[in-house]
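Working notes, beginning with the structure itself.
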């Protein structure tokens, strides 16, 4: 579990609750999960937790810097623990797989945006859609 998570919550004036612990553990187990997927994971342990509880706790965990989100598809955001190395989400439009690539892989792109446009991107919220190696291989004639 993310180090010092209880301390980080208390420093920002939040209480440490079983629901927050369960949501954080679910995010870490799933590595990338929508609120609905996180809810399903939490309900393995605590059947009484509902989706609004998950959303509220994700907001708190994001506020203290324990989780962050990316918009991988057209639906709900996907959450992951901040302890992960900074990464870009590669989303296969063929099979739906999500692969993490180091944020440094986009260094030239980021540098070009900064130098040409003065824009400072946060590529860790980015999702790049395309085809994974296996789907691309299958699509070749």
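Every read-out reported here was derived from the displayed coordinates using simple, explicitly stated rules and does not represent laboratory data. Here the structure is a predicted model, which is why all the values come from computation and not from measurement. Note that we place each Cβ from the backbone using ideal geometry, even for glycine, and neighbour counts take in every protein chain shown.
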Self-check item: the chain - share of DSSP beta bridges that are antiparallel (%, nearest 5)
Solution: 70 percent
Quiz item: For the range 5-81, what is the relative contact order in percent, using Cα pairs closer than 8 Å and at least 6 residues apart in sequence?
Solution: 35 percent
Quiz item: Taking the structure as given and computing Rg and Dmax of the Cα atoms in Å, which label from [x] 14.7, 44; [y] 17.2, 59; [z] 18.0, 60 fits?
Solution: [y]
Quiz item: Pick from 65, 73, 48: which residue has the top mean-square fluctuation in a GNM of the chain where Cα pairs under 10 Å get a spring?
Solution: 48
Quiz item: Is the shape of the range 35-75 best called rounded, prolate or oblate, per the rule: a/c under 1.5 gives rounded, else a/b larger than b/c gives prolate, else oblate, with a ≥ b ≥ c the square roots of the Cα gyration tensor eigenvalues?
Solution: oblate
Quiz item: So what's the angle, to the nearest 10 degrees on a 0 to 90 scale, between helix 18-30 and the longest Cα principal axis of the chain?
Solution: 20 degrees
Self-check item: Efficiency of FRET from Cβ geometry, residue 6 and residue 47, R₀ 30 Å, rounded to 0.05
Solution: 0.80
Self-check item: Residues 55, 117, sorted so that the one with the fewest Cβ neighbours within 10 Å comes first
Solution: 117, 55
Practice problem: Kindly express, to the nearest 10 degrees and within the range 0 to 90, the angle between helix 107-117's C-alpha long axis and the longest C-alpha principal axis of the chain. | Solution: 80 degrees
Practice problem: Starting from the Cα of residue 105, step 7 Å along the direction of its Cβ; do the same at residue 82; then give the gap between the two resulting points in nm. | Solution: 2.4 nm
Practice problem: Measure out, as a whole number of angstrom, how far apart the alpha-carbon centroids of the range 11-58 and the range 103-122 sit. | Solution: 33 Å
